[in-house]
Amino acid sequence: MLSPEEWEAVRLSLSVSLRAVAFSLPPAILVALALARGRFPGRTLLDAVVHLPLVVPPVVTGWALLMVFGLRGPVGAPLAEWFGIRLAFTSAGAALATAVMTFPLIVRAIRLSLDGLDRGLEEAAATLGAGRLDRFLTVTLPMMAPGILSGAVVAFAAGLGEFGAIITFASNVPGETQTLPLAIYTATQVPGGEATAARLAGIAFALAITGLLSADLLSRRLARLLGRA
Amino acid sequence: MLEVSLRHRLGAFALEAAFAAPPGVTVLFGPSGSGKSSILAAVAGLLRPAAGRVALDGAPLTDTARGVFLPPERRRCATVFQEGRLFPHLSVASNLRYGLRRAPRGAAGPGFAEVVALLGLEALLERRPARLSGGEKQRVALGRALLARPRLLLLDEPLAALDAPRRQEVLPFLEALRDRAGLPMLYVTHALDEADRLADTLVLLEAGQVRAAGPLAALTARTDLPLLAARRDAGVVLPCHVAAQDPAAGLTLLDFPGGRLRVSWREAPLGQPLRLRVRARDVAVALPGVALSGVLSTGNALPATLRAVERRGDAECFLRLAVGESTLLARVTREAVARLGLRPGQAVVALVSAVSAGQG
């Protein structure tokens with residue numbers, strides 16, 4: 001039904017989005033904790049910076065990444081020189097761009113779950129002999145699980161559709177950075193590509209719906225497990 | 001032995017309290033907002049006081065003068081909160097083991113099976129906290145705290161969120177705990193019946209200050225403490241034990257230091273210790289020399305010595321009566337004192353209703 005090139009776009013989309021979520025999850029948990037509970041100077045600024053990719057045009061985000069992580073950028077140059085890691089125009093770069101774009105979604109979801117969390121449970125754990133890290137791992141983190149999970153699934157589904165940041169930072173290389181949206185765009189630019197575009201668009205649609213439905217299902221499951229519903 | 005001396009400010013509220021809690025159950029009693037929960041939080045290490053010292057068996061937990069502040073996890077003061085605070089993602093069994101796993105090796109205390117049996121938790125072990133009733137939750141919270149092998153058990157209004165039947169379901173477990181475990185407890189409540197049933201030592205708190213502290217029976221016999229004496233149910237708590245049962249006559253006989261009381265029948269094994277609040281308004285006095293038992297319905301006529309007559313407002317007096325080693329209070333009108341010519345030192349008969357004695 002799909003040509004090998006089209007399958008490649010689907011596979012690449014899934015892989016890029018998955019890596020993006022894996023990248024951004026740990027820092028997103030820390031940032032969400034800092035925003036929800038921390039009292040430090042610059043908290044408002046951090047909040048704004050985290051949410052920037054939601055409001056700035058994706059192309060601008062991609063451009064900024066190119067400036068920083070490009071081969072001549074302040075971070076990209078040493079990465080390439082010392083470690084041989086190239087981000088611009090690679091699938092790793094596409095994952096980075098997707099991670100930056102979906103980061104605010106994960107942070108928001110986790111923060112929501114933290115706002116509803118009863119600090120009293122951590123106090124109880126403390127009086128029962130659990131130290132800080134112990135409390136975090138055995139009480140806080142499990143209670144955050146629904147937020148983390150739904151944030152990750154929503155970010156994964158949204159990441160499948162990332163276009164502007166990827167094409168600007170990682171370009172449109174078939175088999176390397178040409179994810180589903182880029183493949184669809186490319187197909188519409190080729191005479192006779194309408195059928196390909198329609199097929200790929202259908203797949204993108206199905207993936208998005210599946211992602212959202214499973215996020216909902218999972219968070220409800222977890223909520224029941226945690227006795228919240 | 002717990003020693004507490006704290007100074008702390010919470011908004012407009014100033015806490016300035018000092019007391020010592022000997023082994024046994026110490027009840028912090030006072031109206032809402034009197035600072036009792038803040039004191040408990042300071043002992044638990046959940047509140048860092050502006051100034052003060054908390055020491056357990058001589059070792060400081062908090063000492064602001066010397067910069068000592070042990071974090072809660074190193075104090076071994078397991079706490080039972082009003083709302084239970086069970087971990088919703090863990091089963092009852094895992095909740096119970098949470099503290100046990102973190103208790104120091106070799107710490108003395110009851111085992112898992114023993115606590116489960118004591119609190120009647122066998123049927124609940126596999127359940128999630130969300131599927132427990134309020135009373136069950138508090139029993140699990142109690143078990144979880146016990147199994148943490150605490151040096152001091154802290155209870156912050158553990159029954160306040162429960163309705164009356166659930167309270168009656170949990171209270172006996174607390175009594176059993178006091179009688180069996182020998183674990184020192186600091187218990188915060190604004191319910192007098194809980195203080196009556198559980199306290200060895202009572203600390204009265206009002207507006208962030210300790211008004212009085214001492215053994216329960218001694219404190220309830222005082223008339224200068226409005227927190228106790230101004231209540232409708234003001235009266236002395238007598239330590240009794242069940243001396244005899246007469247279900248046919250509907251009577252239970254209770255021995256207290258200095259005499260024997262007949263009260264409405266209640267289910268209790270012989271010899272069981274029991275505390276009885278004898279309210280001052282349920283005690284009347286008569287002059288001796290009249291054969292009363294044939295003409296009186298009250299059921300208890302105890303020979304007593306009138307120790308003092310204390311004014312209570314414009315119309316009433318408290319009579320302080322010595323019955324053997326015990327003290328009873330009677331609440332009568334000033335008119336009655338004048339009519340009977342009551343004077344300290346006089347021999348009288350204390351009439352105690354068998355029905356009302358100790359009823360809520």
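The values are calculated or read from the model by the stated rules, or taken from the named source; none is laboratory data. This one's a predicted model, so the numbers in the text were calculated from it and none came from an experiment. Virtual Cβ from ideal backbone geometry, glycine too; neighbours counted across all protein chains shown. Each accessible area value is taken on the protein alone, full model and side chains, heavy atoms only, with ligands, DNA and RNA left out. Shrake-Rupley method; radii C 1.70, N 1.55, O 1.52, S 1.80 Å.
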Among the candidates B:311, B:343, B:277, single out the residue that is open to solvent by 50 Å² or more (accessible area, probe 1.4 Å) and either outside any loop (DSSP other than H, G, I, E, B) or in contact with a Pro (Cβ under 9 Å, 6 or more places away or on another chain) (or both). B:311
Taking into account only those residues within the range B:92-115 that are over 26 Å from the mean Cα position of the chain (by Cα) and at pLDDT 95 or above, which is farthest from the other protein chains (Cβ to nearest Cβ)? B:93
Look at residue A:217 and say whether it is open to solvent by 50 Å² or more (accessible area, probe 1.4 Å) and either more than 14 Å from chain B (Cβ to nearest Cβ) or not acidic (Asp, Glu) (or both). yes
Any hit, the range A:109-118, residues being closer than 26 Å to residue A:14 by Cβ, within 15 Å of the chain's Cα centre (by Cα) and away from chain B (no Cβ under 14 Å): yes
Regarding the range A:195-204, can at least one residue be identified that is within 14 Å of chain B (Cβ to nearest Cβ), open to solvent by 30 Å² or more (accessible area, probe 1.4 Å) and in contact (Cβ under 8 Å) with a residue 60 or more places away in the chain? no
Out of B:178, B:139, B:166, report the one residue that is part of a helix (DSSP H, G or I), within 14 Å of the chain's Cα centre (by Cα) and away from every other protein chain (no Cβ under 14 Å). B:178
Would you confirm whether any residue within the range B:200-208 is surrounded by 22 or more Cβ atoms within 10 Å (Cβ to Cβ), part of a helix (DSSP H, G or I), touching a strand residue (DSSP E or B) at 6+ places or on another chain (Cβ under 6 Å) and not small (Gly, Ala, Ser)? no
Return the total of residues in the range A:131-152 being of a type in the set (A, V, I, L, M), more than 10 Å from chain B (Cβ to nearest Cβ) and open to solvent by less than 30 Å² (accessible area, probe 1.4 Å). 3
Please go through the range B:151-184 and give me each residue that is under 30 Å from residue B:105 (Cβ atoms) and open to solvent by 10 Å² or more (accessible area, probe 1.4 Å), ordered by number. B:151, B:156, B:173, B:176, B:178, B:179, B:180, B:181, B:182, B:183, B:184
The condition from (1) more than 15 Å from residue B:278 (Cα to Cα); (2) of a type outside the set (Phe, Trp, Tyr); (3) surrounded by fewer than 20 Cβ atoms within 10 Å (Cβ to Cβ) that residue B:299 misses is numbered (1)
Suppose we filter the range B:314-338 for residues that are open to solvent by 60 Å² or more (accessible area, probe 1.4 Å), over 23 Å from residue B:215 (Cβ atoms) and outside any strand (DSSP E or B); how many remain? 5
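Filter the range A:153-194 for residues that are farther than 23 Å from residue A:71 by Cβ and of a type in the set (Phe, Trp, Tyr); which is surrounded by the fewest Cβ atoms within 10 Å (Cβ to Cβ)?
At the first step, the residues of the range A:153-194 found to be farther than 23 Å from residue A:71 by Cβ are A:153-161, A:180-181, A:183-194.
Next, from what is left, pick out any that are of a type in the set (Phe, Trp, Tyr): A:156, A:185.
On the way: A:156: 23, A:185: 16.
If we take residues in the range A:153-194 being farther than 23 Å from residue A:71 by Cβ and of a type in the set (Phe, Trp, Tyr), then A:185 is surrounded by the fewest Cβ atoms within 10 Å (Cβ to Cβ).
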What are the pairs with Cβ atoms under 8 angstrom where one residue, in the range B:31-54, is away from chain A (no Cβ under 14 Å) and buried (at least 21 other Cβ atoms within 10 Å of the Cβ) and the other, located anywhere, is among the small types (Gly, Ala, Ser) and part of a loop (DSSP other than H, G, I, E, B)? Sequence gap at least six, or different chains. B:34/B:207; B:34/B:208; B:35/B:207; B:35/B:208; B:36/B:30
Between B:212, B:243, B:195, B:248, which is modelled with pLDDT of 85 or more, part of a helix (DSSP H, G or I) and at negative phi? B:195
